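Asker: For reference, the structure I am asking about is given below.
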């Protein structure tokens, strides 16, 4: 297999063996220079308070402490907010959440640093914190004025509808719980330059934020990232660790490493937004929605961070796979005294989708119909009913066919009947089943972020070096892009070197986010390759007098041109000797997209990803515990570059979504202290929580209608939404207790406690 060109094949992740053997180098594994110091952060023990006095005398005198920094040591911008101000590195007069950094120390060991920060004497004037969404709405504690989007005349359609429903629904927060925590290593260089190693999804913005903090130019900061141990959005705008680390290095003129332990990481950093929705819907006897009015509010935390874009995404995905002709949504961004909520896989889209899925599920139970049929009747069409509420025409819709395909493959109808029979004869164990669709738009909704750069070199021995702006965070981006390069040049995969993302090589990159990393960076890399190939083609034409109008074919280590074949390695040597450039930068910007954020109209997405999942569960009515018996997934991945990696993304995304919707519960006390700040109090899915039967299939007819690399589709974020089927299968099991005559009251996450509470409400026990 060594010399075989592997493309559209199940090629192993480039770091797969290193991951499982412990040889993969992460930021914390990098050899530290001589005289490296270690940082630690001192943070607020109050959620909302004025700072009366900070006494750091004992901190400075603590064993091993070399330096202490506060806001007064910041030479430039004291803020790490990515879009809006509001995220001070260190606050001057007021703290706004429990865990907010107040100062930092550098010491000769990590142990000394962490012990030292505990000796601070901080005096507060406590203020009453705003913690919950409901409290924020009552007090009108908002980051921005409420936003209203409207299509048609929903009030009239609801009033004229035969059937109406009102209700509310909550989806919870979620901790990123990445394997590798927040960590940075900063090495000072001559002329006040800095080399930054950081576990970040956004090296370019890290560079910009740190330059502004130091009041320097971006060219004085180099950020390098070879890989990160998971991000999920939690490392997209969380610049505080790198900023404080760099500030300590700036003051001490020494290399600094700052790594948050798990507890501090959870306490200090932001989470997924929890959402509250209040709805009123009118529909016909078949379950088709006539009109829908929604009020959606999210807990944004103490600052804007990316909340505006995340809530915007929720509004864009409020339709999921359904045509909503008459719709009104009011959106409230709630300011609370909690860590600023931030990006998380799905970026608000999944919260919006859960709102509409809950409404459709309730409609079906009101009408005593199969939820699958009610969902189906509301689907977007292909020739009509295909314009979204933001005015985009859907041209790639495959949800109807994919949905029916999965129903047949999973034997949904027969299993539904058997489950009803099971529930009739079993008193304490109840089963449920659900099938839910996914339509997810792909692109950054902030238009200028849809761009990427790359740099490709071919050396005189025929080996290839590539660099691009994407971050490898376990998803296999580097592997897939190397496959693209290998295929384009017709050389074995082993000839392509995958190097660390580096701001000094490829500047002004976008975050590895929005499920666009391979699309953008793959296209930019191929653009660079095409320029080198053009140089080679012109050289061969001229030297060997080839007059064929056909483009040469690069395959199996040969360049086939006209009626001749040239060895790739040999031609590279010849080209070099003839002073032909074998290096090029590349660039790509996503075409066709346009979106007016003010009018909420346009084309925010280049294409859509589609998928569906069937989930079967069993619940224990005495304890509320649930077990996933079987999951069947059909995901459109287009013409997948590497199906094995896509399978991994689909499975991982689903399980992460399962955690969000069934067990991961972030809890704050009334005083604003987060109570679930460690693995002992915050439960993520373990190996025993994975479905007993887990069938994952890529939709064989999949093909992207747009000009993306290899006609592929992403599997970054969309699979997480497939886990909606788990929640509604649990809800189906609960409904069986009333013989499917009542609508269960259930919010996400459907923990054992919430399931039991829902059961007792249904039984009128409480």
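Asker: Starting from the stretch 263-282, take each residue that is over 29 Å from residue 330 (Cβ atoms) and list its partners that are at pLDDT 95 or above and assigned to a strand (DSSP E or B), counting only C-beta distances under 8 angstrom and pairs at least six apart or across chains.
Answerer: Qualifying pairs under 8 Å: 264/41; 264/43; 266/674; 267/43; 267/674; 268/41; 268/43; 268/101.
Asker: Okay, next question. In this structure, is residue 361 more than 24 Å from residue 311 (Cα to Cα) and either surrounded by 15 or more Cβ atoms within 10 Å (Cβ to Cβ) or at pLDDT 95 or above (or both)?
Answerer: Against the criterion (more than 24 Å from residue 311 (Cα to Cα) and either surrounded by 15 or more Cβ atoms within 10 Å (Cβ to Cβ) or at pLDDT 95 or above (or both)), residue 361 does not qualify.
Asker: Given the conditions (1) farther than 25 Å from residue 161 by Cα; (2) in contact (Cβ under 8 Å) with a residue 40 or more places away in the chain; (3) out of contact with any strand residue (DSSP E or B) (no Cβ under 9 Å at 6 or more places or on another chain), and given that residue 286 satisfies all but one, which numbered condition is not satisfied?
Answerer: Among (1) farther than 25 Å from residue 161 by Cα; (2) in contact (Cβ under 8 Å) with a residue 40 or more places away in the chain; (3) out of contact with any strand residue (DSSP E or B) (no Cβ under 9 Å at 6 or more places or on another chain), the lone unmet condition for residue 286 is (1).
Asker: Is the stretch 591-612 home to any residue that is farther than 30 Å from residue 728 by Cα, free of Cβ contacts under 8 Å to residues at least 12 places away in the same chain and touching a strand residue (DSSP E or B) at 6+ places or on another chain (Cβ under 7 Å)?
Answerer: Yes, the conditions are met somewhere in the stretch 591-612.
Asker: Okay, next question. For the stretch 25-60: of the residues being surrounded by fewer than 17 Cβ atoms within 10 Å (Cβ to Cβ) and in contact with a helix residue (DSSP H, G or I) (Cβ under 9 Å, 6 or more places away or on another chain), which is nearest to residue 251 (Cα to Cα)?
Answerer: 60
Each row is one residue, and each column tells you yes or no for (1) part of a loop (DSSP other than H, G, I, E, B); (2) farther than 30 Å from residue 67 by Cα.
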site: 12; (1), (2): yes, yes
site: 19; (1), (2): no, yes
site: 28; (1), (2): no, no
site: 31; (1), (2): yes, no
site: 38; (1), (2): no, no
site: 46; (1), (2): yes, no
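Asker: Still on this model: Has the stretch 536-558 got at least one residue that is closer than 30 Å to residue 395 by Cα, part of a loop (DSSP other than H, G, I, E, B) and not assigned by TED's automatic domain parsing to the domain that holds residue 313?
Answerer: No: the stretch 536-558 contains no residue that is closer than 30 Å to residue 395 by Cα, part of a loop (DSSP other than H, G, I, E, B) and not assigned by TED's automatic domain parsing to the domain that holds residue 313.
Asker: Could you count how many residues in the stretch 580-590 are touching a strand residue (DSSP E or B) at 6+ places or on another chain (Cβ under 9 Å) and part of a loop (DSSP other than H, G, I, E, B)?
Answerer: The number of residues fulfilling the criteria is 2.
Quick grid of which residues meet (1) part of a loop (DSSP other than H, G, I, E, B); (2) surrounded by fewer than 20 Cβ atoms within 10 Å (Cβ to Cβ):
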{"residue": "729", "(1), (2)": "no, no"}
{"residue": "732", "(1), (2)": "no, no"}
{"residue": "735", "(1), (2)": "no, no"}
{"residue": "742", "(1), (2)": "yes, yes"}
{"residue": "745", "(1), (2)": "yes, yes"}
{"residue": "749", "(1), (2)": "yes, no"}
{"residue": "758", "(1), (2)": "no, no"}
{"residue": "764", "(1), (2)": "yes, yes"}
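Asker: Among what's in the stretch 466-482 and is in contact with a strand residue (DSSP E or B) (Cβ under 8 Å, 6 or more places away or on another chain) and part of a helix (DSSP H, G or I), pick the residue that is farthest from residue 233 (Cα to Cα).
Answerer: Filtering first and then ranking leaves 482.
Asker: May I ask you to list the residues in the stretch 188-213 that are touching a strand residue (DSSP E or B) at 6+ places or on another chain (Cβ under 8 Å) and buried (at least 20 other Cβ atoms within 10 Å of the Cβ)?
Answerer: 194, 196, 197, 198, 199, 200, 203, 204, 206, 207, 210
Asker: Which count do you get for residues in the stretch 126-173 that are in contact with a helix residue (DSSP H, G or I) (Cβ under 7 Å, 6 or more places away or on another chain), surrounded by fewer than 17 Cβ atoms within 10 Å (Cβ to Cβ) and in a loop (DSSP other than H, G, I, E, B)?
Answerer: 1
Asker: Within the stretch 698-719, can one find any residue that is over 16 Å from residue 614 (Cβ atoms) and free of Cβ contacts under 8 Å to residues at least 60 places away in the same chain?
Answerer: Scanning the stretch 698-719 turns up at least one residue that is over 16 Å from residue 614 (Cβ atoms) and free of Cβ contacts under 8 Å to residues at least 60 places away in the same chain.
Asker: Right, something else. Those residues that are assigned to a loop (DSSP other than H, G, I, E, B) and either within 17 Å of residue 40 (Cα to Cα) or more than 27 Å from the chain's Cα centre (by Cα) (or both), I need them from the stretch 89-113; list them, please.
Answerer: Once the filter is applied, which keeps residues that are assigned to a loop (DSSP other than H, G, I, E, B) and either within 17 Å of residue 40 (Cα to Cα) or more than 27 Å from the chain's Cα centre (by Cα) (or both), the stretch 89-113 yields 89, 90, 91, 92, 93, 98, 99, 100, 108, 109.
Asker: Determine whether the stretch 639-649 contains at least one residue that is within 30 Å of residue 181 (Cβ to Cβ) and free of Cβ contacts under 8 Å to residues at least 60 places away in the same chain.
Answerer: yes
Asker: Can I ask one more? Working only within the stretch 387-432, note down all residues that are assigned to a helix (DSSP H, G or I) and out of contact with any strand residue (DSSP E or B) (no Cβ under 8 Å at 6 or more places or on another chain).
Answerer: 401, 404, 408, 413, 414, 417, 418, 420, 421, 424, 425
Asker: With 515, 488 as the choices, which residue is part of a loop (DSSP other than H, G, I, E, B), under 30 Å from residue 635 (Cα atoms) and either touching a helix residue (DSSP H, G or I) at 6+ places or on another chain (Cβ under 6 Å) or not assigned by TED's automatic domain parsing to the domain that holds residue 714 (or both)?
Answerer: Of 515, 488, the one residue that is part of a loop (DSSP other than H, G, I, E, B), under 30 Å from residue 635 (Cα atoms) and either touching a helix residue (DSSP H, G or I) at 6+ places or on another chain (Cβ under 6 Å) or not assigned by TED's automatic domain parsing to the domain that holds residue 714 (or both) is 515.
Asker: When the residues of the stretch 446-465 are narrowed to those that are in a strand (DSSP E or B) and free of Cβ contacts under 8 Å to residues at least 40 places away in the same chain, which ends up surrounded by the most Cβ atoms within 10 Å (Cβ to Cβ)?
Answerer: Among residues in the stretch 446-465 that are in a strand (DSSP E or B) and free of Cβ contacts under 8 Å to residues at least 40 places away in the same chain, the one surrounded by the most Cβ atoms within 10 Å (Cβ to Cβ) is 464.
Asker: Could you check the stretch 651-694 and list, in sequence order, the residues that are in a strand (DSSP E or B) and surrounded by 13 or more Cβ atoms within 10 Å (Cβ to Cβ)?
Answerer: Taking the stretch 651-694 and keeping what is in a strand (DSSP E or B), we get 668, 674, 693-694.
Correct list: 668, 674, 694.
The values are calculated or read from the model by the stated rules, or taken from the named source; none is laboratory data. No experiment lies behind these values; they were computed from the predicted model shown. Neighbour counts run over all protein chains shown; Cβ positions are idealised from the backbone, glycine included.
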